[in-house]
Amino acid sequence: MKTCLITAMLLAAVAARAEPTAYAIDPTHTFPSFEADHMGISVWRGKFNKSSGTVLYDKASGTGSVEIVTELASIDFGLDALNTWARGKDLFEVKKHPRAVFKGSLQSPVNGVPTQLVGELTMHGVTRPLTLVVHSLKCIQHPMLKRDYCGADASGSFSRDDFGLSAGKDYGFKMNVDLRIQVEAVAQP
């Protein structure tokens, strides 16, 4: 009995000192998507085709940090003319502001899994707070890479005019953007 108690205490001490794992975002499985109003009569959907970043995740505590960099020139509405317009001076101005960067911390774990990603979004030269709800987060052993591989789904919303992106506002476009991010990341050796 005494040996079992000592073993349990040692295991608890090792788990308490476990280091967070560093993960690299898998750019072939990470595509932030969004929904935005179009003249109050429909909802346009799109995604960004190029993202990168890192996650530092402590599975034992369900906490960590995230940084995701999205290349705004990779915007994809499924309509080339709209993609070109969005990259230009009337919206993203990608030559001047090529990236959107989200930095945040994984928080409010339930059963060891974070339920919120609290941080800041920097876009168009402006930084604002943004909290995402983590709908799911699961890690598995990648069958080919033989390393820890995690996937998550998160969502949130923001007002694009808070970032100086007010195109269409004078025509009655709603400024709210719903953001959805599915992300996969692989543990670094």
Q: Among (i) 51; (ii) 37; (iii) 27, find the value of percent of Cα pairs over 27 Å apart that was calculated from the structure presented, and write down its label.
A: (ii)
Q | 1.4 Å probe accessible area per residue over the chain, in Å² | A | 58 Å²
Q: Compute the long axis of helix 2-16 from its Cα atoms, compare it with the longest principal axis of the Cα atoms of the chain, and write down the angle in degrees, 0 to 90, nearest 10.
A: 20 degrees
Q: Would you please classify the overall shape of the range 37-126 from the alpha carbon gyration tensor, given that a ≥ b ≥ c denote the square roots of the eigenvalues, rounded means a/c under 1.5, and beyond that prolate means a/b larger than b/c while oblate covers the rest?
A: prolate
Q. Between the range 100-148 and the range 64-92, what is the C-alpha centre distance in whole Å?
A. 20 Å
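From Cα pairs below 8 angstrom and at least 6 apart in sequence, can you work out the relative contact order of the chain, rounded to a whole percent?
Averaging sequence separation for qualifying contacts and normalising by length gives 23 percent for the chain.
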Q: Straight distance only, please: which lysines reach the Cα of LYS174 with their own Cα at less than 27 Å, same-chain residues fewer than 8 apart left out?
A: LYS47, LYS50, LYS89, LYS95, LYS96, LYS103
Q | Rounded percent of accessible protein surface that carbon and sulfur make up, the chain, 1.4 Å probe | A | 60 percent
Q: Please give every one of the aspartates and glutamates within straight-line cross-link reach of LYS169, meaning a C-alpha to C-alpha distance under 19 Å, and leave out same-chain neighbours fewer than 8 residues apart.
A: GLU35, ASP37, ASP90, GLU93, ASP161, ASP178
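The values are calculated or read from the model by the stated rules, or taken from the named source; none is laboratory data. Because the structure is a prediction, the values reported are computed rather than measured. SASA here: full protein model, heavy atoms, side chains in, ligands and nucleic acids out. Shrake-Rupley method; radii C 1.70, N 1.55, O 1.52, S 1.80 Å.
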